[in-house]
Amino acid sequence: MTTAVSPKNVAASLSELWSPRVVGEVDEAYVKVAKIKGSFAWHAHELEDELFYILKGRMRIEMERETVELNEGEMFVVPKGVRHNPVADEECHVLLVERKSTLHTGGTVTEKTRSIEEQLQQDWVE
C-alpha cells in the first residue's frame, strides 16, 4: 500500500460482520480491521499472539480462566495457545494485528471462518 488508510473508516464501511480485511502489513504481520457483533467462536492460535484494539464500541474476550472487557481505545493481546471467544453485544469495530500465518479461527472451522484470500480483498471503502 502506498497511501494512507483510516482503519476507522474502513471498519465502518464493511458490510459483513466477522469478516476482517487486511489494511496493512508490518514485517511478518497483517494489520486487519473488522466489524463484529454477537459471539464469534471458541478457538486458539497455537503459534501466534493476537492483538485486539478497539476502534469503536466495546467487546469482551472470553478465555477459559478469565474474561477481559475492552472499551474504545483499549487493546489486549491474547497469548498464543490460549482458547478465546471474542464477543460484542453491540456493533464494535476492531483493529487486529496478527502474524501472516494466523488462521482466522485457528484449527476450528465455522461458518464465520474466512480465508486469507477473502481477508486480502480490498472491497472496502476508504
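In terms of Cα to Cα distance under 19 Å, which aspartates and glutamates are near enough to Lys32, apart from those fewer than 8 places away along the same chain?
Glu16, Glu48, Asp49, Glu50, Glu72, Glu74, Glu91, Glu98, Glu117, Glu118, Asp123, Glu126
Rounded to a whole number of µm²/s, how large is the Stokes-Einstein D of the range 1-66 at 10 °C and 1.306 mPa s, given Rh as the Kirkwood radius over C-alpha pairs?
Here the translational diffusion coefficient equals 116 µm²/s.
If you take the Cα Rg of the range 7-114 and divide it by 2.2 N^0.38 Å, with N the number of residues, what do you get?
For the range 7-114, the normalised Cα radius of gyration is 0.96.
Laboratory data are not the source of any read-out in this text; all were calculated from the coordinates shown. What you see is a predicted model, and the numbers here were worked out from it, not measured in a lab.
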